[in-house]
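For reference, the structure discussed in these notes is given below.
The values are calculated or read from the model by the stated rules, or taken from the named source; none is laboratory data. Quantities reported herein were computed from a predicted structural model and do not represent experimental measurements. Every residue, glycine as well, gets a Cβ built from its backbone with ideal geometry; the counts of neighbours run over all protein chains shown.
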Amino acid sequence: MLNDLLCFVCISGTYKEKDCPTTSTPTECKPCEKGSFMATTNNMSPCLSCKTCNSAHKKKTWRECTAQKDTICECVSGYVCSDSDCNHCRIAKLCPAGQGVTAKAFLTNDTVCSPCGAGSFSNVTDHVSACKPHTRCEDIGRQRQTPGTTTTDAVCGEFITKECSWMLPAGLWIGLVLTSVLVFALALFYWKRKKRRFNREVNLSRLRFPWT
């Protein structure tokens, strides 16, 4: 309302350049210039200046300014916004050894830490590292010397010696040798028995037929 005149307001992304002279004449609006914005309908002039994210204050741009929306700042890695407008950045929470980062600090949300579960560990204190799985010594052909904990990795020892397929247990070798000896003895016994029978038959035939 200006001098009892009802003037239309400017839409977001624009600003009032000139008031309406009459009720039948609309307000003159112009688009916000680069580096400025207007988020709501208004009768203001000029547009508001876009926020700058100062790296000296540990800030960086998360979303660039547009004609309708202001810049959104976030904190650099290792810091978190202290309020919704990110006016200040504070050091993000650090996860101690034995815990891993399950959600990194972002905007106003601080670091989320969780204890390392079975088979995993973390041996650092920081704001970025998740729990890591223990080394599986058998997967790299080595014996496990020391099991891992929530703060230490498993320690692998000597390489596992793989026996060749032709190498058999001593008991099996003994069994094979004894079986072979037994088979040989039986074969020799039957061969000698057959030979004696053959010789006896030959001698009998000579007695019956002395001229042969």
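Residues of the stretch 43-53 include at least one that is surrounded by fewer than 16 Cβ atoms within 10 Å (Cβ to Cβ), of a type in the set (V, I, T), touching a residue at least 12 places away in the same chain (Cβ under 8 Å) and under 30 Å from S82 (Cα atoms).
Among strands (runs of 3 or more DSSP E) entirely within the stretch 69-116, having at least 1 residues that are under 15 Å from C53 (Cβ atoms) and free of Cβ contacts under 8 Å to residues at least 12 places away in the same chain singles out no element at all.
Would you confirm whether or not the stretch 4-26 contains a residue that is in a strand (DSSP E or B), touching a Gly at 6+ places or on another chain (Cβ under 8 Å) and either more than 30 Å from V124 (Cβ to Cβ) or among the aliphatic types (A, V, I, L, M) (or both)? Scanning the stretch 4-26, I find no residue that is in a strand (DSSP E or B), touching a Gly at 6+ places or on another chain (Cβ under 8 Å) and either more than 30 Å from V124 (Cβ to Cβ) or among the aliphatic types (A, V, I, L, M) (or both), so the answer is no.
A quick yes/no check of all residues on (1) touching a helix residue (DSSP H, G or I) at 6+ places or on another chain (Cβ under 8 Å); (2) among the acidic types (D, E); (3) within 30 Å of T40 (Cα to Cα):
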position	(1), (2), (3)
W62	no, no, yes
E74	no, yes, yes
G117	no, no, no
T146	no, no, no
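One residue stands out in the stretch 49-68 among those that are among the basic types (K, R) and part of a loop (DSSP other than H, G, I, E, B): the one that is nearest to the chain's Cα centre (by Cα), namely K58.
Do we find that D19 is modelled with pLDDT of 95 or more and either within 30 Å of T152 (Cβ to Cβ) or touching a Cys at 6+ places or on another chain (Cβ under 7 Å) (or both) in this structure? No, not satisfied.
Yes or no, residue by residue, for (1) among the hydrophobic types (A, V, I, L, M, F, W, C); (2) at pLDDT 95 or above:
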{"position": "H127", "(1), (2)": "no, yes"}
{"position": "D139", "(1), (2)": "no, no"}
{"position": "T149", "(1), (2)": "no, yes"}
{"position": "S165", "(1), (2)": "no, no"}
{"position": "S180", "(1), (2)": "no, no"}
{"position": "L186", "(1), (2)": "yes, no"}
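Among the residues examined, K195 does not qualify as under 52 Å from the mean Cα position of the chain (by Cα) and at pLDDT below 80.
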